[in-house]
Structures are given as C-alpha cells and as structure tokens.
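Quick note: the coordinates plus some simple rules give every number you see, no bench work behind them. The shown structure was predicted, so the numbers you read here are calculated from the model rather than taken from an experiment. Quick reminder, even Gly has a Cβ in these numbers, built from the backbone with ideal geometry, and neighbours come from all protein chains shown.
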Amino acid sequence: MYHSSTYTVESVTSGHPDKVCDQISDAILDACLAQDPHSRVAVETFGSHNLLVVGGEVTTSATVDYEKIARDVYRAIGYPDDLKIVTHIVTQSPDIAQGVDTGGAGDQGIMYGYATDETPELMPKAVLEVHRLAEGLEKLRRSGKFPWIKPDGKTQITAANGSTRSVLVSVQHDENIDNASIRNLLIENLIAPIIGDLSGIEILVNPTGKFVQGGFTADTGLTGRKIMVDTYCGLAPHGGGAFSGKDPTKVDRSAAYMARLAAKNIVRAGSAKKCLVSVAYAIGRAEPLMIEAVDEGGRDITHHAKQFDFRPAAIIERLGLRQPIYQKTAAYGHFGRPGFPWEEV
C-alpha cells in the first residue's frame, strides 16, 4: 500500500485515444451481453491516424455489427472524422473454454482491491478530484458554452502531506483561442469549483502552449493502456490485467471488482482505515490460490477478506456481472463512482 507523503495521480478524458479504445471494447462487450448474457468476450481495440482495428475472441449467440458499434462510439465521444475500420474477431479457444465452463477462472493472475476512509466514497481524495477534473472538461465541452474545447485531454494532481501542491490540465482546443484565455476560463469554470481555494497551488494549463491536434489524428490508442487511471492511479498495487473488453469470467476484471467490494466493506465496518485486498487465481480453477488483506499499518486482516466468496461464478452472481453495464466504466475510473454493483456496500 502507498505510504509516501508526496504522490501524483492522473486521469484522462473520454476522448483520449486509449480511452476511446477502452470504450469501444466495452461497448462491444455490452452489445454481446445484451443479447446473450453468457457471452465470452475478449476484445482489443487499436486506433492510429484514421485507422481503427478491432480484434479478439468471442463466443456468443449474439449478432453484433462490430464496425457500426465502433463508429457510433467514436462519433458519440465527439470526433466527427471518418475512420477506416478493420475488424477481426474469432471464436474463443476451446482449450480455455473447457476450464471456464465448469466455473473456473478465465485466466491466472493477481488482482487487488483498495479502500480508504479518506472520503465518503472510500477512495483517495486526489483520485476523485483528478477524475472530476477530466470529466469536468467533457461536461464543459458538452454544455455548448465552450465550443473551443475538443474531446482529448488529461489531468494531473500532485499532493504533499495531504494537501494539493499542483494541478495540471491539458485540453485539446480550437486553433483560434490563445493559451492565456484557456487558462483563465479553466481556472474559473473547472479547477476552482473542484479544488476550492487555489492559494499556494501551482496551476499548469497546456504546458506546451498548444494542443490543437488530438485523438487518433495526433496519437495512437490501445485498449488496456490506462490501467492505473482505471483503478487507484498508482496509490495501490496493480496485477497488470486490464478490464475493458473482457467478460466477467475473466478474473482480471471480476475479481478486481470483488476485491474492491471486500476492501470497502472492511473499511466501512471500521476494521481498518485503509485496506488492501489481494487475490490470485489459476486458469480453470475456481478456488483462489491466495486471498490476503492488510490494513494501513501492514497488519494481516485476511480473516475479514475470507468472509467473501471469490470463486468466479459466485462473484458474477453476487455482483450481477452478466448485465451490459461496462461501457460506462470505461472512462473516469471504475471505482469511487455511484451506480456500479461493486461500489454498493
């Protein structure tokens, strides 16, 4: 668990190239689950300079137009340009299916869940604020009052000894607005309303001085390349498995959600101020190889975590994970936001 007194966290907007890919992968997952709740889905999306490639493995009775979903998501995010889209999605390996069909884990790996009593959402305050800044950029853009804001953007907060030291906002913008105007408008309409008193805080807005080209025009995007933004922004460990585009038999996703639920319950019950839950699996096997929990002092509180059933089928059942709920997880973090079953204590 993270104990340093100085740390930095970041978020990105829904129009960031990596996040566009996450949202397309999760939109395809949702489309499959909506028709066939037992769909097995592992879909990756790659975008680069007017080209979008969607590939992966699916086992489903659903009939899905992958190209149309990708195009619709891209347009809905706010990009008007036309992409060349290539799709290559095949049937999942029967070697994997034979272990998962019996309720086993869809892969090996280590997953973590974290909670802290720092905020009512049981998330670190800086993590909540950095996501609010990124989502706030999108809200300003969609309000219609700031037509110069474009979809791509990033935010970052550095904190020291519990107080914010610097705030960084990079926003894609229209050619015909200068950086001083962007800075003033964002301080007034975004940064001050979210952070509060800005005295003593360094404010950085578009530090290069210009951010006109964005999205796939300027940058390449890939599903699963913002795993820290998706979780705890580096303030807790990460097993390395991405979430987006994966159905809930993939424990990378479902066990991380369950570990978060367990950590939240342990903190909410007063058994710890901060709690880190770790769980590990073998492919095809239902019982975890490891369940561990520690509190803010590193003390072993595993007995609390073992009250939760971490077998994949039990997680799916308890959290209702066969619903098409995933596209809305794919921007601004999977944790600390209302409306997701793993956030309900």
message: Under 5 Å between amide hydrogens, which residues at least 5 positions from TYR332 or on another chain qualify, with H placed 1.01 Å from N in the peptide plane?
response: VAL12
- prompt: Which of (1) 33, 28, 14; (2) 36, 30, 18; (3) 35, 21, 19 is the computed semi-axes √(5λ) of the Cα gyration tensor in Å for the structure on display?
  reply: (1)
query: Leaving out same-chain residues fewer than 8 places away, which lysines sit with a Cα under 17 Å from that of LYS226?
result: LYS19, LYS154, LYS246, LYS328
- prompt: Could you name the lysines in cross-link range of LYS274, using Cα to Cα under 20 Å and dropping any fewer than eight places away on the same chain?
  reply: LYS125, LYS264, LYS306
task: Considering only VAL73, VAL169, VAL251, give the residue with the highest GNM mean-square fluctuation for the chain, with springs between Cα atoms whenever their separation is below 10 Å.
output: VAL73
query: Between THR102, THR158, THR249, which gets the highest mean-square fluctuation from a Gaussian network model of the chain, Cα cutoff 10 Å?
result: THR102
- prompt: What's the center-to-center distance, using Cα atoms, between the stretch 179-222 and the stretch 46-73 in Å?
  reply: 31
- request: Write down Rg/Rh for the stretch 1-160, rounded to two decimals, with Rg from the C-alpha atoms and Rh from the Kirkwood relation over Cα pairs.
  value: 1.03
message: Check which residues have an amide H placed less than 5 Å from ASP152's amide H, if you skip close sequence neighbours.
response: GLN172, GLY215
message: Per 0.36 nm of contour for each residue apart, how much would the distance between ASN189 and ILE201 grow if the chain were fully extended, relative to their Cα-Cα spacing?
response: 2.7 nm
statement: Hull surface over four for the Cα convex hull of the stretch 144-282, reported in nm², is 11.8
Phi-based couplings in Hz for the stretch 30-36 (Karplus 6.51, -1.76, 1.60; Gly and Pro marked x): 4, 5, 5, 5, 4, 8, 9
query: Pick from ILE291, ILE227, ILE177: which is most flexible by mean-square fluctuation in a GNM of the chain where alpha carbon atoms under 10 Å apart are linked?
result: ILE177
field: Charge dipole of the stretch 208-289 about the Cα centre (unit charges at C-beta), most positive-ward option of SER278, THR220, GLY241
entry: SER278
statement: Cross-link reach from LYS150 to aspartates and glutamates, straight Cα distance under 12 Å and at least 8 residues apart if same chain, gives GLU138, ASP174, GLU175
task: Calculate the dipole size of the chain relative to its Cα centre from +1 charges on Lys and Arg beta carbons and -1 charges on Asp and Glu beta carbons; express the result in debye to the nearest 20.
output: 400
task: Please list the non-local residues whose amide H lies under 5 Å from the amide H of ALA115, H modeled 1.01 Å from N, same-chain partners needing a gap of 5 or more.
output: CYS275
query: Can you run phi through the Karplus equation (6.51, -1.76, 1.60; θ = phi - 60°) for the stretch 54-62 and list ³J(HN,Hα) in whole Hz, with x for Gly and Pro?
result: 10, x, x, 10, 9, 10, 7, 8, 6
- prompt: Please state the relative contact order of the chain as a whole percent: Cα pairs under 8 Å, 6+ residues apart?
  reply: 28
task: Would you mind checking the radius of gyration and Dmax of the stretch 169-243 based on alpha-carbon positions, in Å?
output: 15.9, 44
- prompt: For the stretch 104-146 and the stretch 267-333, what is the separation of their Cα centres, given in Å?
  reply: 18
